[in-house]
1. Quick check on region 211-218. Is at least one of its residues of a type in the set (Lys, Arg) and free of Cβ contacts under 8 Å to residues at least 60 places away in the same chain?
2. List the number of the failed condition for residue 218; all other conditions in (1) buried (at least 21 other Cβ atoms within 10 Å of the Cβ); (2) at pLDDT 95 or above hold.
3. Is region 43-53 home to any residue that is part of a helix (DSSP H, G or I) and at pLDDT 95 or above?
4. Among the listed residues 212, 122, 141, which satisfies the condition of being within 19 Å of residue 23 (Cβ to Cβ), touching a helix residue (DSSP H, G or I) at 6+ places or on another chain (Cβ under 6 Å) and at pLDDT 95 or above?
5. Specify which of the listed residues (28, 19) is of a type in the set (Asp, Glu) and within 24 Å of residue 103 (Cβ to Cβ).
6. Go through region 179-228 and count every residue that is part of a strand (DSSP E or B) and in contact with a Ser or Thr (Cβ under 7 Å, 6 or more places away or on another chain).
7. Go through (1) crowded, with 18+ Cβ neighbours inside 10 Å; (2) in contact with a Ser or Thr (Cβ under 6 Å, 6 or more places away or on another chain) and name the single condition residue 69 misses.
8. Would you mind stating whether residue 109 is assigned to a strand (DSSP E or B), of a type in the set (A, V, I, L, M) and surrounded by fewer than 22 Cβ atoms within 10 Å (Cβ to Cβ)?
Amino acid sequence: MQQRFHPFAFAGHEWRISESRALFWPAEQAVVVADLHLEKASWFAQSGQMLPPYDSRETLERLLGAVEANGARRVLCLGDNFHDDHGPERMEPHALGLLNELARRVDLVWIIGNHDAALTGVPGTVVEELHCHGIALRHEVDPLATGPELSGHYHPKLRIRIKGRMIARPCALRGDSRMILPAFGTLTGGMDASDPALIKALQPAATIDAIVPTRDKAVQIRVLPAPN
């Protein structure tokens with residue numbers, strides 16, 4: 001099923017987000033994702049905790065789907081791309097084929113994160129951070145940065161109660177000049193969007209919005225100031 005992307009604004013640019021948790025940046029013709037945590041299942045398997053070994057395959061299939069849906073020319077991955085530095089060595093042939101196919105189709109850029117700070121052996125370009133159109137793209141918020149910034153690391157999720165039932169949905173968190181992306185990987189948890197650590201990371205910000213991607217639209221819900 002083709003992914004549907006829905007527009008919203010940040011830092012003077014139009015962005016689009018899909019239910020898959022990928023962003024498309026028209027100005028760069030780029031798909032932007034964070035926290036793929038590829039080969040997380042195989043990392044757990046090393047210690048005897050067995051999980052279905054298809055997380056990398058599923059994550060990369062969704063990423064290729066996002067590229068196809070937008071005709072993207074670049075893919076920018078904002079850190080914690082693999083769950084550990086040795087993840088690329090453990091990839092099974094099908095997942096490795098998907099990764100190589102992705103690298104053949106697009107300019108693939110890996111921004112390193114705390115899980116894969118010594119990332120090697122992957123197709124594409126590995127960098128510490130990237131700057132495009134005056135926007136810094138990095139894995140984790142730089143509290144000293146003054147310009148617009150895009151990052152990951154925290155895996156934000158919006159938790160709300162609807163008709164007496166608590167639900168949690170991955171979201172992007174947008175402040176005045178910083179935005180934190182949802183985790184894209186199949187085996188990733190999440191931090192509550194209203195957690196003090198996330199609110200602090202997005203400061204200074206007069207307002208913070210959770211942008212929740214659904215199949216039909218990007219729902220924007222105010223997180224700060226907190227609703228009464």
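1. No, region 211-218 contains no residue that is of a type in the set (Lys, Arg) and free of Cβ contacts under 8 Å to residues at least 60 places away in the same chain.
2. Result: residue 218 fails condition (1) only.
3. no
4. 141
5. Just a single option satisfies the conditions, and that option is 28.
6. Result for region 179-228: 5.
7. (2)
8. Working: assigned to a strand (DSSP E or B): yes; of a type in the set (A, V, I, L, M): yes; surrounded by fewer than 22 Cβ atoms within 10 Å (Cβ to Cβ): yes.
Yes; evaluated as a whole, the condition is true for this residue.
The values are calculated or read from the model by the stated rules, or taken from the named source; none is laboratory data. Since this is a predicted model, take the numbers as computed values, not measurements. Every residue, glycine among them, receives a Cβ derived from its backbone with ideal geometry; neighbour counts consider all protein chains shown.
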